[in-house]
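The values are calculated or read from the model by the stated rules, or taken from the named source; none is laboratory data. The shown structure was predicted, so the numbers you read here are calculated from the model rather than taken from an experiment. We place every Cβ from the backbone using ideal geometry, glycine too, and count neighbours over all the protein chains shown.
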Amino acid sequence: MNGNGMKQTGYRTHQRHFKVLSILLLGILVLSLMVSGCSKEEEKVKESAFSIIAATAQKLDMAQALRYGGSLRGTNEVYIYPKIASPLRVTGIMAQPGDQVSVGQTLVTLDSSDYQAKLKQAEAGLAAALAGKRISDANLEALKAKYERTKQLYEQGAVSKQDMEAMQAAYDGAIAGTADASVALSQAQLEDVQIAAAHCNITSPINGVVGSINLALGDMAAATSVAASVSDTTTLETDVMVSENDISYIKAGSGVEVYVRPVSAKPFKGKVATVAMMPDPVKRNYRVKVVLDNKDGKIKSGMYAEVVVYTEAKNKVLAVPVQAVIPRDNTNVVFIVDKNSRAQEREVKLGVRNDQYAEITSGLKAGEKVITKGNTLVNKNTLVKVISGEVK
C-alpha cells in the first residue's frame, strides 16, 4: 500500500473515533437532563408546608369597643403665679416635684427685704396714729365735759348764744373722727404691706402633689410666669373626642375601661363624667370627660390613657380573632385553611369589633378555620401546617 492509501485509512479511522466519542457525549448529556428532570420532579413532590396558627370561626356574644386616647390630669390642678408687683429674686425652694403638700404650705420663697423695711414703716405709722387717737380721745372727754357745762349755762342764760355756738362747733369737730380716720388709714397701709410681704412666700392653694417647680435659687420670679403647679391626683380625668357616629352610644355616668400601660396591663375602672351637647365646630367631634379614682397614687398626672367604651352589643354572631383580619385597600380579607391544607383568600365584611374578636357578616361560615398567625406570609394555595397552640 502506498503512502496516500495509508493516509486515507488513518483519516477514516479518526472519523469513526470522533463519531463514537460524539455519541457517548450526547448520551451523557441526555442522561444528565433526565436526571435533572427527575430531581425537579422530586423537588415538586417534596413541597414543604408553611407553619401557621389557626382558629375556628364560631358564634359568640359580642360588644363593640370604641377606643380613644388622652392625657390624664388631676381633677383639681392649679398653676401658681407669683402675686408680686415687680420681679423678685428666689431665695428658697421649699418643695420638689412629687411632694405631697397641703393648703398654705410654702413652695418657694422670694426676697422680701424691701417689704420688711416698708413693713416697719407702716407699723410705726400705725403706732403714731394710735397714740394720736389716745390723745384725741382724752381731749374729747375733756371737751365733752366742757360742752355739757356750757350747754347748762346757756340754758340758764349765763352764756351767750355766740359762745354756745362756738363750743358746739368745737365739740362737733372733735367727734368727727379725724383720729379714727388716721388710725384706719395707717391700719390699711400696714395690711397692704403685710399682704405684699406674704406674697413673697409662694404657697399651695390646694392639698395635692407638686407637679413642677419652675424656679431655681437666684432666678427672678415674675407675675407673668408660672412658678409651680400642684395637682390633686386622688381623682384623675381626661377628655376624649368622640365622633358624631358614636356619641349616641355614650351616656354620662356609664362605666368605661381605662388602660394606663406604664402602670398596669389590666384596665382601671372609670366613669363618663360629662358629654358635650355641642360638637367641635371644625372637627365635628364631641368632648367627653372621663374620671377615675387614684387614691393609691399609682397613676401620675400627665400619663397617657386609652379609654375603652363598650357600645353596641350582639348575641350569637359569627366571629373570628381580630388577628385573622387583614385590611386591604377598601376591603378586608382572611385566609382559610381548605380541606387540602392549603391557604385560600376570602373577602369578608365586618360588623362589631372589640379587642379580641371581629364579627363576620359575610364571606365565611361557622366551623371554617382561619389563619391568625402567618396570614400575612401566605398566598393562595400555599401548603400550610397548623402547629400546636391553635387558637380555639
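Descriptive notes on the structure:
- Qualifying residue in region 256-266 (condition: under 19 Å from the mean Cα position of the chain (by Cα), buried (at least 20 other Cβ atoms within 10 Å of the Cβ), assigned to a strand (DSSP E or B) and of a type in the set (S, T, Y)): no
- Check on L318, more than 30 Å from G211 (Cα to Cα), among the aliphatic types (A, V, I, L, M) and not in a loop (DSSP other than H, G, I, E, B): yes
- Only one of N381, N332, N315 that is surrounded by fewer than 17 Cβ atoms within 10 Å (Cβ to Cβ) and free of Cβ contacts under 8 Å to residues at least 40 places away in the same chain: N381
- Matching entry among V325, V291, V309, V320 (being surrounded by fewer than 20 Cβ atoms within 10 Å (Cβ to Cβ) and among the β-branched types (V, I, T)): V291
- Test: residue in region 204-227 that is polar (S, T, N, Q), in a strand (DSSP E or B), touching a residue at least 24 places away in the same chain (Cβ under 8 Å) and under 30 Å from R89 (Cβ atoms): yes
- Any hit, region 137-160, residues being of a type in the set (K, R) and either buried (at least 16 other Cβ atoms within 10 Å of the Cβ) or within 60 Å of the chain's Cα centre (by Cα) (or both): no
- Whichever residue in region 71-130 is in a loop (DSSP other than H, G, I, E, B) and of a type in the set (V, I, T) and, among such residues, is modelled with the highest pLDDT: V103
- Screening region 352-364 for residues that are touching a residue at least 60 places away in the same chain (Cβ under 8 Å) and assigned to a strand (DSSP E or B) and picking the one that is surrounded by the fewest Cβ atoms within 10 Å (Cβ to Cβ) gives R353.
- Within region 285-303, the set of residues being among the polar types (S, T, N, Q) and within 15 Å of V260 (Cβ to Cβ) comprises N294, S301.
- Selection within region 233-252 - surrounded by 18 or more Cβ atoms within 10 Å (Cβ to Cβ) and in a strand (DSSP E or B): T233, L236, E237, T238, V240, V242
- Scope region 118-134; condition free of Cβ contacts under 8 Å to residues at least 60 places away in the same chain, among the small types (G, A, S) and surrounded by fewer than 19 Cβ atoms within 10 Å (Cβ to Cβ); matching residues: A124, A127, A128, A131, G132
- Here K339 meets each of (1) in a loop (DSSP other than H, G, I, E, B); (2) within 20 Å of Q58 (Cα to Cα); (3) touching a strand residue (DSSP E or B) at 6+ places or on another chain (Cβ under 6 Å) with one exception, condition (3).
- Cβ-Cβ under 6 Å pairs, at least 6 apart or on other chains, region 88-117 side on the phi > 0 side of the Ramachandran plot, far side assigned to a strand (DSSP E or B): G104/T203
- Those residues of region 67-84 which are under 17 Å from the mean Cα position of the chain (by Cα) and of a type outside the set (K, R), in sequence order: Y68, G69, G70, S71, L72, G74, T75, N76, E77, V78
- Within region 269-296, tally of residues that are within 16 Å of R67 (Cα to Cα) and under 15 Å from the mean Cα position of the chain (by Cα): 6
- When residues of region 44-94 are limited to those that are among the basic types (K, R) and in contact with a Leu (Cβ under 9 Å, 6 or more places away or on another chain), the one nearest to D114 (Cα to Cα): R89
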